[in-house]
Amino acid sequence: MMTGRMLTEHEALEKILAEVQPLAVETRPLRNAAGRFAAVDLAATVASPPFDNSAMDGFALAFGGAEAAAGANFQIIGTQAAGPDAGFALADGQAVRIFTGAPLPAGTTGVAMQEDTRIDGDAVVLSDACSRDEFIRRAGADLCRGQHILSRGERLNPQRLALLASQGRATVDVFAAPRVAILSTGDELVPAGQPLGAGQIYESNGVLLAALVEASGASVADVRSVHDDPVALEVAMRLALEAADVLILSGGVSVGERDFVKPALHQLGVRTNFWRVAIKPGKPFLFGRSGTGASVFGLPGNPVSSFVTFLLFVRPALLRMMGAADVSPVTQTVRTEATLKNGDPRPHYVRGRVEAGVFHPQGRQESHALFGLSRSDALVRVAPGTEIPAGAMVAAIAC
Ligand code: AMP
Ligand code: MG
């Protein structure tokens with residue numbers, strides 16, 4: 001149903017998240033799973049380390065008591081490298097030359113690191129004391145078999161992928177990544193490489209949105225531009241909807257006579273859920289669903305508005321489709337260098353840069369001002385009709 005009232009940004013996000021669901025589960029090789037979200041809970045099947053081993057290059061020693069004193073010497077009976085266990089067993093007063101990660105000989109009390117020893121014939125002499133259990137990594141000390149290692153909805157970052165690889169896994173079950181089509185609208189838009197005529201600007205939202213989609217972990221199926229022509233727009237939108245789970249449109253969602261997006265969506269049977277949100281920048285913002293279940297986002301054409309509405313509304317939807325347990329943006333508490341004043345009845349997302357815990361607004365806070373945005377890495381929300389004094393602590397949304 002078409003809703004005329006302007007929604008708050010919280011209402012808008014709730015409506016979007018109520019409509020989108022995680023996509024299908026697929027099994028992917030670990031090498032192709034980075035950035036995806038786990039579709040399963042996993043427990044360790046292999047302990048870490050799997051066997052007692054040496055933490056240093058040095059000598060495995062057998063001695064009685066709490067430590068072997070400096071000056072003590074041990075007879076070297078062999079060498080144990082990382083790899084197959086040679087099966088040494090140490091008696092008190094004996095040593096085995098050992099390397100990092102090598103299995104400990106039976107009877108080892110402690111490992112003396114190479115730098116704390118010297119060789120005297122077929123013996124090793126300690127130049128520093130070696131205490132019981134020193135430089136020994138015990139089996140299961142890092143991770144036990146059966147211990148929980150991954151939760152459904154957690155992102156597979158490089159460190160989690162490495163843990164799965166260390167478990168001997170080759171694949172992991174993840175949610176599919178949405179295929180996203182991006183369509184920029186506007187008669188004034190010119191592609192790179194062409195001369196700029198009177199009244200024309202270079203098209204930049206295609207690059208902006210494609211990069212944002214990829215940074216979210218979703219995949220870009222198509223990026224193109226179309227003129228403000230109802231027929232061309234409808235054809236381009238029909239093709240995009242056939243090939244994608246998500247269609248992001250930029251421009252043409254305002255109330256001007258040249259804003260053809262809404263009528264074209266109607267023609268294609270896309271149900272508009274809402275089309276205005278009370279935020280600055282970004283008031284004209286449309287969300288709808290096609291008959292086949294694709295999500296459609298109509299973003300305002302102004303580049304800063306496109307950026308802010310993507311971060312607040314599109315990114316969480318993409319993350320939800322990818323199965324993320326947490327779709328909220330990363331925020332940090334910082335001190336604002338300048339007074340942030342919002343006389344508008346809509347909340348204002350101010351663009352700025354965080355350096356050493358201090359937020360510095362960047363450039364003109366206007367929706368076309370791409371230069372200031374290019375210097376920014378954070379947004380601060382200023383509530384309608386309020387002023388945040390310089391020096392106050394604020395929540396900065398990382399971007
Ligand atoms: P619209 O939302 O179509 O009314 O566009 C609002 C403003 O954004 C206008 O100044 C457009 O020229 C500009 N704009 C629209 N689309 C793009 C785009 N793809 N790249 C850069 N600027 C754009
Ligand atoms: Mg336009």
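Are there chymotrypsin sites (Phe, Trp or Tyr not before Pro) in segment 80-189 that DSSP marks as loop and that have at most 16 other Cβ atoms within 10 Å, and which are they?
Hits after loop and neighbour filter: Phe99.
Counting pairs of alpha carbon atoms under 8 Å apart in space and at least six apart in sequence, what relative contact order in percent does segment 53-137 give?
43
Considering only DSSP states other than H, G, I, E and B, which trypsin sites (Lys or Arg not before Pro) in segment 244-318 qualify as loop sites with at most 16 other Cβ atoms within 10 Å?
Passing both the DSSP loop test and the Cβ count: Arg258.
Ala95's amide H: which non-local residues (gap 5+, or another chain) put their own amide H closer than 5 Å, with H modeled 1.01 Å from N in plane and none for Pro or chain starts?
Those lying under 5 Å, H to H, from Ala95 are Gln75, Ile76, Ile77.
Hey, what number do you get for the chain at 222 nm if only DSSP H runs of n ≥ 4 count, each worth -39500 (n - 2.57), divided across all residues, to the nearest 500?
Rounded to the nearest 500, the figure is -5000 deg cm²/dmol.
Less than 14 Å Cβ to Cβ from Leu370, Lys/Arg counted +1 and Asp/Glu -1: what total charge do the surrounding residues give?
Local charge sum for Leu370: +1.
Between Lys341 and Ala210, 0.36 nm times their residue separation minus their Cα-Cα distance comes to what?
Gain in length upon complete extension: 44.0 nm.
Can you check what the Kirkwood hydrodynamic radius comes to for segment 93-183, Cα pairs only, in Å to one decimal?
With all distinct Cα pairs of segment 93-183 included, I get 17.8 Å.
Cut-off under 24 Å on the C-alpha distance; same-chain residues fewer than 8 positions from Lys262 excluded. Which lysines are left, in chain and number order?
Reachable lysines: Lys15, Lys280, Lys283.
Where in segment 337-399 are there trypsin sites (Lys or Arg not before Pro) that are in a DSSP coil and have at most 16 other Cβ atoms within 10 angstrom of their Cβ?
Taking segment 337-399 and a limit of 16 other Cβ atoms within 10 Å, the loop trypsin sites (Lys or Arg not before Pro) found are Arg364, Arg375.
Against the globular-protein guess of 2.2 N^0.38 Å, express the Cα radius of gyration of segment 259-306 as a ratio, rounded to two decimals.
1.15
Between the helical axis of 9-19 and the dominant principal axis of the chain, each derived from Cα atoms, what acute angle in degrees is found, rounded to the nearest 10?
Taking Cα atoms only, the helix is inclined about 80 degrees.
Taking R0 as 56 Å, what's the FRET efficiency between Gln194 and Asp122 from their Cβ-Cβ distance, rounded to 0.05?
Step by step, r from the Cβ atoms, then E = 0.10.
Give the angle, between 0 and 90 degrees and rounded to the nearest 10, that separates the Cα long axis of helix 205-216 from the longest principal axis of the Cα atoms of the chain.
On a 0 to 90 degree scale, this one is about 30.
What percent does the relative contact order of the chain come to when contacts are Cα pairs within less than 8 Å and at least six residues apart?
Result for the chain is 17 percent.
Suppose R0 equals 51 Å. What FRET efficiency, 1/(1 + (r/R0)^6) with r the Cβ-Cβ distance, do Asp173 and Leu370 give to the nearest 0.05?
0.80
What are the residues whose amide H is under 5 Å from the amide H of Asp228, where those residues sit 5 or more places off or on another chain and H is modelled from the backbone?
Gly186, Asp187
Using C-alpha positions alone, give me the convex hull volume of the chain per residue in cubic angstrom.
202
Would segment 331-398 count as rounded, prolate or oblate if I go by the C-alpha gyration tensor, calling it rounded below 1.5 in a/c and otherwise prolate when a/b exceeds b/c, oblate otherwise?
It is oblate, given that a/c is not under 1.5 and a/b is not larger than b/c.
Give me the extension gain from Arg28 to Arg258: residue separation times 0.36 nm, minus the current Cα-Cα distance, reported in nm with one decimal.
The span from Arg28 to Arg258 would gain 78.3 nm if fully extended.
Which percentage, to the nearest 5, of the DSSP beta bridges contained in the chain is antiparallel?
Rounded to the nearest five, the antiparallel share is 65 percent.
Just to confirm a number: summing +1 for Lys and Arg and -1 for Asp and Glu over residues other than Arg152 whose beta-carbon lies under 11 angstrom from that of Arg152, what do you get?
Computed value for this residue: -3.
Give me the net charge for the shell around Met6: Cβ to Cβ below 13 angstrom, other residues only, Lys and Arg +1, Asp and Glu -1.
Here the charged neighbours net out to +3.
Using label points projected 7 Å from each Cα along Cα→Cβ, tell me how many nm separate Ala82 and His266, to one decimal.
Roughly 6.8 nm, to one decimal.
Looking at the square roots a ≥ b ≥ c of the eigenvalues of the Cα gyration tensor of segment 151-261, which shape do they give, rounded for a/c under 1.5, prolate if a/b is larger than b/c, or oblate?
It is prolate, given that a/c is not under 1.5 and a/b is the larger ratio.
Laboratory data are not the source of any read-out in this text; all were calculated from the coordinates shown. Owing to the predicted nature of the structure, the values given are computational and were not obtained by experimental measurement. We place every Cβ from the backbone using ideal geometry, glycine too, and count neighbours over all the protein chains shown.
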